[in-house]
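See below for the structure under consideration.
The values are calculated or read from the model by the stated rules, or taken from the named source; none is laboratory data. Quick caveat, the model's predicted, so the values are computed rather than measured. Note that each Cβ is placed from the backbone with ideal geometry, even for glycine, and that neighbours are counted across all protein chains shown. Each accessible area value is taken on the protein alone, full model and side chains, heavy atoms only, with ligands, DNA and RNA left out. Shrake-Rupley method; radii C 1.70, N 1.55, O 1.52, S 1.80 Å.
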Amino acid sequence: MVRIGVISVQGDVSEHLISAKRAMEDFGIVGEVVAVRRLRDIEGVDALIIPGGESTTISRIMKREGLMDRIRELHEERDIPIMGTCAGCIILAKEARDGEVDGLKLMDMRVRRNAFGRQRESFETSVEVEGFDSPFHAVFIRAPIIEAIWGRCRAIAKLNDRIVGAVDGRKIALTFHPELTSDYRFHRMFLEMI
Ligand code: GLN
């Protein structure tokens, strides 16, 4: 029985709750997906998803609720898998440029917020992903890019020469939104980390 928690303070929470549930069903994994708003909701969670939205708002509320400290503890104690998409990617990064985000700082990477500029605020395109046999249709919405990685963090998805996906141990950061399509290959990667 696997329990996936979705940080549910702001952003595209319901899409993540639904897609995580569908991905589990597709892969025959028995378990549940729970919304994490308060500290008590996170107990018993085996893995965590941090959705897209506004990283400044999400990180502020997570801190206020004591979730930042608790997640860092769960990382230290059990190295729980975490997948962060878009704003969630920013919250996972050690460093974030362009706006103050006091995040989890669990992945060895530097991200730049809203990196595609006004002209290309939102767009959809195919990205090449390491280990996938065909490209992934990726939805970008006011997306960050991963400007630099170091340590054991490695790039797994690129758009032209820019890094849009990375893995560091049992943490996955994507600058786009896999929860908005029914392609669950990133969810599979994430679920396999549990
Ligand atoms: N631009 C947002 C931020 O900086 C992220 C956008 C998103 O999550 N779709 O937090």
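List of remarks:
- Put a plus charge on the Cβ of each Lys and Arg, a minus charge on the Cβ of each Asp and Glu, and nothing anywhere else: the dipole of the chain about its Cα centre is then about 460 debye.
- Within the accessible area of the chain (1.4 Å probe), percent carbon and sulfur: 44
- In this structure the range 46-179 gives 43 Å² per residue of accessible area when probed at 1.4 Å with all protein chains present.
- Computed over the chain, the ratio Rg/Rh where both radii use C-alpha atoms and Rh is Kirkwood: 0.93
- Mean residue ellipticity at 222 nm, helices only, the chain: -7500 deg cm²/dmol; runs of at least 4 DSSP H residues each add -39,500 (n - 2.57), and the sum is divided by the number of residues.
- Distance (nanometres) between label positions extended 7 Å along Cα→Cβ at GLU147 and SER122: 2.6
- By definition, a body whose alpha carbon gyration tensor gives a ≥ b ≥ c is oblate when a/c is 1.5 or more and a/b is not larger than b/c, and the range 61-138 fits this oblate description.
- Rounded, prolate or oblate (a/c below 1.5 giving rounded, otherwise prolate when a/b exceeds b/c) for the range 11-90 by Cα gyration tensor: oblate
- Number of Lys pairs (Cα under 22 Å; 8 or more positions apart or on different chains) in the chain: 10
- Amide H contacts of GLY5: VAL34, ASP46, ALA47, LEU48, ILE49, each under 5 Å away and 5 or more positions distant or on a separate chain (H built 1.01 Å from N in the peptide plane; Pro and chain starts excluded).
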